[in-house]
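Take a look at the structure below.
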């Protein structure tokens, strides 16, 4: 019984730390070029991917721009926030 609870807690912690996304929200402040440039520099997108994510965020209000674990996503999320973009890790 104790072993099962420990295994479940471990699985729950792994589920929490994996499968996260950085969500970019549309705003009326930053230009398309600035957002595209930031996605290329911070998220390592190529030009086409950065343009597509920027357009999705513009028209739908938000776009998942990078996936990974919380540990992997924290630095790029912080950098995007520092640059003035509206993002969350979800």
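We did not get these values from a lab; they are worked out from the coordinates using the rules stated. This is a predicted model, so every value here is computed, not measured. All Cβ positions, even for glycine, are placed from backbone atoms using ideal geometry, and neighbour counts span all protein chains on display.
Here the residues 77, 31, ranked from fewest to most Cβ neighbours within 10 Å of their Cβ, fall in the order 31, 77.
With R₀ fixed at 22 Å, the C-beta to C-beta distance from residue 34 to residue 72 puts the FRET efficiency at about 0.40. Compute the distance in nm between two label points, each set 7 Å from the Cα along the Cα-to-Cβ direction, one at residue 46 and one at residue 62. Each label point lies 7 Å from its Cα, and together they span 2.8 nm. Compactness of segment 18-89, taken as the C-alpha radius of gyration over 2.2 N^0.38 Å, stands at 0.97.
Sorting 46, 78 from the fewest to the most surrounding beta carbons within 10 angstrom yields 46, 78. Taking the number of Cβ atoms within 10 Å of each Cβ as an exposure proxy, the fewest-first ranking of 71, 38 is 71, 38.
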